[in-house]
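Reviewing the structure listed below.
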Amino acid sequence: MIEFKNVSKTYPNGTKGLKDINVTINPGEFVVIVGLSGAGKSTFLRSINRLHEVTEGEIFVGGTSITKANGKQLRRMRRDIGMIFQQFNLVKRTTVINNVLSGRVGYHSTFRTMLGIYPKADTELALQSLERVNLVEKAYTRSDQLSGGQQQRVSIARTLAQEAKVILADEPVASLDPLTTTQVMDDLKKINQELGITTIVNLHFIDIARQYATRIIGLNAGEIVFDGPVEEATDQKLAEIYGQKLETTEEEAKEVPYVATS
Amino acid sequence: MIRPQKPKKKIGLYILIYGSLLLLYIWAFSGVPMDGFKDTAGQISKAIFSGIFSPDWDYVYLPEGEDLLRGLLDTLAIAVLGTFISAILCIPFAFWASKNMNRARFTTGTGKFMLSFIRTFPELVMALLFIKAVGPGSFAGVLALGLHSIGMLGKLFSEEVEVIDPGPSEALAATGANKIQTLRLAVLPQVLPGFISYTLYRFEINLRSASILGIIGAGGIGTPLIFAMQSRDWERVGIILLGIIVMVVLVDMISGFLRKRVV
Amino acid sequence: MSQLAEPLRPTPPRKLKLYFTIFLLALFLFASAYQTNSTFSELLTGLPNMTGLLVDMVPPNWAYINNITPAMLETIRMAVVGTTIGAVFAIPIALFSASNVFQSFWIWYPVRFVLNLVRTIPELLLAAIFVAIFGLGPLPGIFALGIFSVGIIAKLTYEAIESIDKGPLESMTAVGANKLQWIRCAVIPQISAHFITYVLYTFEVNIRAAAILGLVGAGGIGLYYDRTLGFLEYDKVSTIILFTLVVVLIIDYFSGKLREKLL
Ligand SMILES: Nc1ncnc2c1ncn2[C@@H]1O[C@H](COP(=O)(O)OP(=O)(O)OP(=O)(O)O)[C@@H](O)[C@H]1O
Ligand SMILES: [Mg+2]
């Protein structure tokens, strides 16, 4: 369970990233966060694992405050939260399996990591994770030889190897074409359903959101302007909130005017 | 009113630059002593040339030691060890001096200053000081190269660290990795090929330096060379010069090949 | 499911190459340490000497600056003259080495070959040879720096020439220019700025080199290391070092400014 309690975030330059957010996300949910560029989607997601610090309020993950966690506790909590990035963030020069295994470091001592040797069980887990995203045959390939969609699935496998209880995905398909988009989103959905991992995904596109989410949260200028099941997120409703701006295809989405925050 | 004056100013600047350059040249060339020629100069040059073209082949290998091969081996060993030491020692400096690893401007600045300070301190002078500390011989040469090369390698390494992709580090932090684990798994794989390539490049430079360290007594082929020169044994000078050239060319080739492989 | 999938799993690659590389490196290092007598105990015994020496170096003997200023000026003079000689000779050599100026392999290859050979000889070694020929003084130093500069400037310049725009070359050929006109109108304008930058860069390198040439008797401030170290006057040594560092940094600064201005 993830709880936001009166959370606000003001960037050092005065921009309000989040404004007094109160929201609870339950275990097993597949939540999609939608909103225009600059709405605060990344800020929202990154404050959950504290890649961004919030300036007010508190966030609880599994009942513990991550906001108040100190260095060691924070790392222990991050271990249970997997993250997937728009730019994949793989170490390109190393093999796929090494990237997947890097999800395991939270479980090991610094010394062991320095040697770069993992227990057998970890390798097995990594291979199984790769099997789940249908990439096991690429295990010993260098990551930069993979296509974008494949790289993104490697980073999904990394969160699986991490045995995360929550997966955060910040625009995981924004740099992919429609076909690979489907593959990646299908993988995320399958993992969410089979393993019951709470999944929170940021998306630009409302049609993909509707297709996969169990719940949609709409953000605008750092505030929650919509929160409800997919069925309630009708075109009409969203048009009311965003004007006609929330688009459904990539080409048009690029022309969406940037929403300035006050 | 302002505009027409602008070119004038520029002309003034050029006059200043070229004028001071001219003065510098007059000063520099007028001070060169042209009477310094020894009358034997022509004779000696001829002797050196004939020495180089009829080198003392026997010196290549002498059973009792102190020959060309052993001198070159010593030179190579000094360069290998000195380069390795500096490659290890400069890593902390590199991270210290790179912008993306330090948020504080101050630390980066001091790191960069340290490195440029070490760089301007000549290795030969370092070798002289190390000779005073550990006595004459190869070890002083190793230490001098090891210390001096930190300056350049640290600078190159820190530039390499500055251009890495921050994404993987962020991804690792998000899995709950600590600082050192992030360095090992996200930063190291990105910078290692660059580090190796620069180290090889520095090795090429250090080999040249190592071949002259012996002139001041810090080991390597330089010592027999300066002895041969002082005793005017030009055939021996010839073979040593040939040996140095061949070794440097070979090592450059191998190192260049390896550098292409690692990237 | 896992049983079905298992045969599809690729086999991990052998790490033989990595282990072999590490083994080879370790072997090199041990052999080098053995050859040069480099051990930690040696370092530890030397360390007290080193610290004692460093302590003796402070405070520097500031009054000594007056004694070494003429030598410092001589160092600068050597660098100026040496670089200039090198720059002048580098021009034809760079042109002959550029494969797009003289397309015939039989011209550029031999020239480049000799150039590369010359570049393998360290400047101090050149200086030692010239000292043997001309005797002590700044003259051998100037010649050594000149040859050394030809190596650097000609190499950088011919590489720049080879990367210039082909258009002007072709249009000069088209108007029927002879080789000299062709070079003057199509090549020179395209590389002159680069050339000046390289000359200034070489000058910065030469100032550092000139400061140590005195160690083999080739003039300049390097001579004073021998004098002061011989008498264990470490406060004077540190004065020489600091004075040289300051001069080098000042010259670097102005040379850098000039490079910006001229480009
Ligand atoms: N490091 C930062 N410093 C200052 N302001 C920032 C910073 N990061 C984000 N912001 C601002 O905070 C607001 C929310 O940004 P955020 O990145 O969360 O938006 P987003 O919804 O993820 O947008 P996008 O869809 O373009 O990724 C924006 O106005 C942005 O300009
Ligand atoms: Mg975003």
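Brief remarks on what is shown
- Charge dipole magnitude, Cβ of K and R +1, D and E -1 - the range A:120-184, Cα centre, debye nearest 20: 120
- Kyte-Doolittle mean at least 0.5, axial Cα span of 24 Å or more - DSSP H helices of chain B: B:2-30, B:68-97, B:138-162, B:188-213, B:234-262
- Rounded to the nearest whole Hz, the Karplus-based 3J(HN,Hα) values (6.51 cos²θ - 1.76 cosθ + 1.60, θ = phi - 60°) of the range C:219-230 follow the sequence x, x, 6, x, 3, 6, 4, 4, 4, 7, 5, x, with x at glycine and proline.
- Of the solvent-accessible surface of the protein assembly as shown, computed with a 1.4 Å probe and all protein chains present, 64% belongs to carbon and sulfur.
- In the range A:13-118, one over the average inverse separation of all distinct C-alpha pairs is 16.2 Å, which is the Kirkwood hydrodynamic radius.
- Solvent exposure of A:Glu163, expressed as accessible area, is near 90 Å², computed with a probe of 1.4 Å over the protein chains only.
- Extension reserve of the A:Leu115-A:Glu223 stretch, reckoned as 0.36 nm per residue once the Cα distance is removed: 34.3 nm
- Scattering curve values for chain C, log₁₀ I(q)/I(0), Debye with Cα scatterers, q = 0.09, 0.13 Å⁻¹: -0.64, -0.98
- Each peptide in A:181-189, C:47-55, B:80-88, C:122-130 was scored by the mean count of other Cβ atoms within 10 Å over its residues; highest first, the order is C:122-130, B:80-88, A:181-189, C:47-55.
- In this structure, A:Ala174 and C:Arg14 have a Cβ-Cβ separation that, at R0 = 41 Å, corresponds to a calculated FRET efficiency of about 0.60.
- Long-range HN-HN contacts of A:Phe226 with modeled amide H, under 5 Å: A:Gly218
- Degrees, to the nearest 10: A:148-161 long Cα axis against longest axis of chain A: 70
- Accessible area of chain C divided out per residue, in Å², using a probe of 1.4 angstrom: 52
- What you get for the protein assembly as shown, charging only the Cβ of Lys and Arg (+1) and of Asp and Glu (-1), is a dipole of about 840 debye around the Cα centre.
- Over 36 Å [Cα-Cα, chain A], rounded percent: 13
- Multiplying each eigenvalue of the alpha-carbon gyration tensor of the range A:88-163 by 5 and taking the square root yields semi-axes of 19, 13, 10 Å, largest first, rounded to whole angstroms.
- Equivalent ellipsoid dimensions for the range C:105-249 as semi-axes, Å, which come from the Cα gyration tensor, largest first: 41, 17, 10
- Modelled spin labels at C:Leu242 and B:Glu64, positioned 7 Å past Cα toward Cβ, are 5.0 nm from each other.
- Where N is the number of residues in the range A:62-218, Cα Rg divided by 2.2 N^0.38 Å: 1.04
- Additional length obtainable on full extension of the chain from B:Ser50 to B:Val263, 0.36 nm per residue less Cα span: 72.3 nm
- Heavy-atom accessible area ranking, 1.4 Å probe, most first, across B:Trp234, B:Trp57, B:Trp27: B:Trp57, B:Trp27, B:Trp234
- Prolate/oblate/rounded label for chain B (Cα gyration tensor, a/c 1.5): oblate
- Over the C-alpha trace of the protein assembly as shown, radius of gyration and Dmax come out as 33.3, 104 angstrom.
- Kirkwood-based Rg to Rh ratio, the range C:16-57, C-alpha trace: 1.30
- Along principal axes, Cα extents of the range C:37-92, largest first, whole Å: 53, 36, 11
- Label positions at C:Phe231 and B:Ile254, each projected 7 Å from the Cα along the C-beta direction, are separated by 4.6 nm.
- Per-residue mean of C-beta atoms belonging to partner chains within 10 Å, peptide A:99-105: 5
The values are calculated or read from the model by the stated rules, or taken from the named source; none is laboratory data. Owing to the predicted nature of the structure, the values given are computational and were not obtained by experimental measurement. Note that we place each Cβ from the backbone using ideal geometry, even for glycine, and neighbour counts take in every protein chain shown. All accessible areas refer to the heavy atoms of the entire protein, side chains included, with ligands and DNA or RNA removed. Shrake-Rupley method; radii C 1.70, N 1.55, O 1.52, S 1.80 Å.
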